[in-house]
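Below is one structure, written out as structure tokens, with a few remarks after it.
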Amino acid sequence: MKGIILAGGTATRLFPLTATTSKQLLPIYDRQMIFYPLNLLVKAGIKEILVIVSPEHSGQFLNLLGSIFEQTDIRLEFKVQKTPRGLADAFIVGEDFIDNDNVAMILGDNIFEDDFSEDIKNFKKGGKVFAVKVPDPERSGVVKFDDKMKAVKIVEKPKEWISDYIIPGLYIYDSRVVEVAKSVKPSDRGEIEIVDLHNWYLEKGELKVGMVKGAWLDAGTFDSLFEASRIVKEKKLYENFDPAINQAIQEFNKELKALAKKKL
């Protein structure tokens, strides 16, 4: 299993904060946002992770993550996505990285309280996504269930109510996802929609939909960014980090402080 973190985009809803840095490098309580999706993958045993970034912020990601895990078995690669073409495009961008392996992709601004380690470790073939109940489903990809709570359809930002369940930003697929993404025609907004990937596997009877039980945060607005830090602190989610990540952050902080003292 390989991992992908999608950390590109311009995040216009967070201007002026994101006028000078990437959204995924903004702080969530005591560390940058990017560490939360990274932790989800690492805790699930994924050691090879591709971080997809935008050109204007690539150097900042390298400064933070380029060497921080050198003393661990975590291996990060970086790839620049010059023009975002939709979430599904990440699988095309990461084709060589994925190779013939399964892949778990998480959006860089999604923070989950749940631990998905078993879902990822036990994955064999097909696809697996997750559903969470929200008050404003029309803003996302919405999943419709039958009376037995079996997924029957997934629609991107439906104009009419389908259900209150959306698909948050964690997707697990086998290596076929690359070719499926290549075959998807862009939508009216010019993007390769990830719901088309979901539905491809769903129509083949190979898509499983799990349920998100704990808190889920999409830190894409001022309110949700603030709420994310509050929930991380109150629920002590910062205590749930893999030891390798915590150790790497501590060593990185020591190096920065030592350099700062030399400059004084």
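The values are calculated or read from the model by the stated rules, or taken from the named source; none is laboratory data. Keep in mind that this is a model prediction, so the values were computed, not measured. Note that each Cβ is placed from the backbone with ideal geometry, even for glycine, and that neighbours are counted across all protein chains shown. When the accessible area is computed, the model is the full protein with side chains, heavy atoms only, and any ligands, DNA or RNA have been set aside. Shrake-Rupley method; radii C 1.70, N 1.55, O 1.52, S 1.80 Å.
Scanning region 231-254 for residues that are charged (D, E, K, R) and loosely packed, with under 12 Cβ neighbours inside 10 Å turns up 234, 236, 239, 254. Once region 112-133 is narrowed to residues that are over 18 Å from the mean Cα position of the chain (by Cα) and not small (Gly, Ala, Ser), the residue that is least open to solvent (accessible area, probe 1.4 Å) is 122. Taken over region 69-98, the criterion of being of a type in the set (A, V, I, L, M), over 15 Å from the mean Cα position of the chain (by Cα) and open to solvent by 50 Å² or more (accessible area, probe 1.4 Å) is satisfied by 80 alone.
Of the candidates 91, 112, the single residue that is hydrophobic (A, V, I, L, M, F, W, C), touching a residue at least 60 places away in the same chain (Cβ under 8 Å) and within 16 Å of residue 44 (Cα to Cα) is 112.
Take the conditions (1) at pLDDT 95 or above; (2) open to solvent by 40 Å² or more (accessible area, probe 1.4 Å); residue 66 misses just one of them, which is (1). Just wondering, is there one or more residues in region 164-177 that are surrounded by fewer than 21 Cβ atoms within 10 Å (Cβ to Cβ), hydroxyl-bearing (Ser, Thr, Tyr) and at pLDDT below 95? Checking region 164-177: not a single residue is surrounded by fewer than 21 Cβ atoms within 10 Å (Cβ to Cβ), hydroxyl-bearing (Ser, Thr, Tyr) and at pLDDT below 95. Considering only region 192-230, state which residues are charged (D, E, K, R), within 24 Å of residue 28 (Cα to Cα) and buried (at least 18 other Cβ atoms within 10 Å of the Cβ). Result: 218, single match.
Scanning region 144-158 for residues that are at pLDDT below 95, over 27 Å from residue 118 (Cα atoms), of a type in the set (Asp, Glu) and surrounded by 14 or more Cβ atoms within 10 Å (Cβ to Cβ) turns up at least one hit. Determine, yes or no, whether residue 188 is open to solvent by 20 Å² or more (accessible area, probe 1.4 Å), touching a residue at least 60 places away in the same chain (Cβ under 8 Å) and of a type outside the set (Lys, Arg). No: the conditions fail for residue 188.
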